[in-house]
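> For reference, the structure I am asking about is given below.
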Amino acid sequence: MIHIREMDESHIDAVSALRVRSWQSAYRGIIPQSHLDGMTAAEDARRRRAWFASSRDQVVDLVAVDGHGDTVSGWICFGSYRGETDAQAPGEVYALYVDPARTGRGIGRDLLDSAHHHAAA
């Protein structure tokens, strides 16, 4: 069972590891392997911590966690559409990642549904 909850700082390392695994899986053969091999969860987490602290009032981050623990299996980041300043403009999904080992289980759909409900509230 997957639970969707708001991301907090305790999820940053897991989200960063998920992002790196996802990039290395999805972009193999598309972008230079040297770039993929050079990606590290530690460097991503360093950047993500700074970004997370500076953007809390502009974006929403949700994580999908395993119901048996706190294993992060997906992450979505969304907020206002960046091309509009109108408060009534539709929102935008900035990022959506699912653990490559867990694709095809509806986690991405659950994250999108939760983001939609959160944005509509």
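The values are calculated or read from the model by the stated rules, or taken from the named source; none is laboratory data. Only a predicted model underlies this, so the values are computations on that prediction, with no experimental measurement involved. Positions of Cβ are generated from backbone atoms using ideal geometry, with glycine treated the same way; all protein chains shown enter the neighbour counts.
> Please tell me if R19 is touching a helix residue (DSSP H, G or I) at 6+ places or on another chain (Cβ under 9 Å), closer than 19 Å to V98 by Cα and not hydroxyl-bearing (S, T, Y).
Numbers: touching a helix residue (DSSP H, G or I) at 6+ places or on another chain (Cβ under 9 Å): yes; closer than 19 Å to V98 by Cα: yes; not hydroxyl-bearing (S, T, Y): yes.
The answer is yes for R19.
> Continuing with this model, one more query. Restricting to region 39-49, and then to whatever is under 21 Å from I76 (Cβ atoms) and in a helix (DSSP H, G or I), can you tell me which residue is modelled with the lowest pLDDT? Talk me through it step by step, then tell me what you get.
Initially, region 39-49 is screened for residues under 21 Å from I76 (Cβ atoms), giving 39, 41, 44-45, 47-49.
So of that shortlist, the ones also in a helix (DSSP H, G or I) come out as 41, 44-45, 47-49.
Numbers: A41: 97, D44: 94, A45: 96, R47: 93, R48: 90, R49: 93.
Among those residues, the one meeting the criterion is R48.
> Still on this structure: Can you report the number of residues in region 3-38 which are in a helix (DSSP H, G or I) and either under 20 Å from S114 (Cα atoms) or out of contact with any strand residue (DSSP E or B) (no Cβ under 6 Å at 6 or more places or on another chain) (or both)?
Looking only at region 3-38, we keep the residues that are in a helix (DSSP H, G or I), and these are 9-26, 33-38.
Subsequent filtering for residues that are either under 20 Å from S114 (Cα atoms) or out of contact with any strand residue (DSSP E or B) (no Cβ under 6 Å at 6 or more places or on another chain) (or both) retains 9-21, 23-26, 33-38.
Selection size over region 3-38: 23.
> What single numbered condition from (1) surrounded by fewer than 19 Cβ atoms within 10 Å (Cβ to Cβ); (2) in contact with a His (Cβ under 7 Å, 6 or more places away or on another chain) fails to hold for R46?
Among (1) surrounded by fewer than 19 Cβ atoms within 10 Å (Cβ to Cβ); (2) in contact with a His (Cβ under 7 Å, 6 or more places away or on another chain), R46 violates only (2).
> Pull out all pairs, ordered by first then second residue, where Cβ-Cβ is under 6 Å, the residues are six or more apart or on different chains, the first lies in region 96-109 and is part of a strand (DSSP E or B), and the second is not small (G, A, S).
L96/I76; Y97/L18; Y97/R19; Y97/W75; V98/I107
> Quickly run through region 102-118 and pick out the residues that are among the charged types (D, E, K, R), at pLDDT 95 or above and farther than 16 Å from E6 by Cβ.
R109
> Quick check on this structure: which one of S34, S55, S22 is of a type in the set (S, T, Y) and closer than 20 Å to G79 by Cβ? First the steps, then the outcome.
On the way: S34 fails: closer than 20 Å to G79 by Cβ; S22 fails: closer than 20 Å to G79 by Cβ.
The conditions single out S55.
> So which residues in region 71-101 are out of contact with any Gly (no Cβ under 7 Å at 6 or more places or on another chain) and modelled with pLDDT under 80?
Quick first cut of region 71-101, residues out of contact with any Gly (no Cβ under 7 Å at 6 or more places or on another chain) only: 71-73, 75-77, 82-90, 93, 95, 100-101.
Scanning region 71-101 gives R82, G83, E84, T85, D86, A87, Q88, A89, P90.
Residues are listed down the side, and each one gets a yes or a no for (1) surrounded by 13 or more Cβ atoms within 10 Å (Cβ to Cβ); (2) among the polar types (S, T, N, Q):
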residue: M7; (1), (2): yes, no
residue: R28; (1), (2): no, no
residue: Q33; (1), (2): no, yes
residue: A53; (1), (2): no, no
residue: G83; (1), (2): no, no
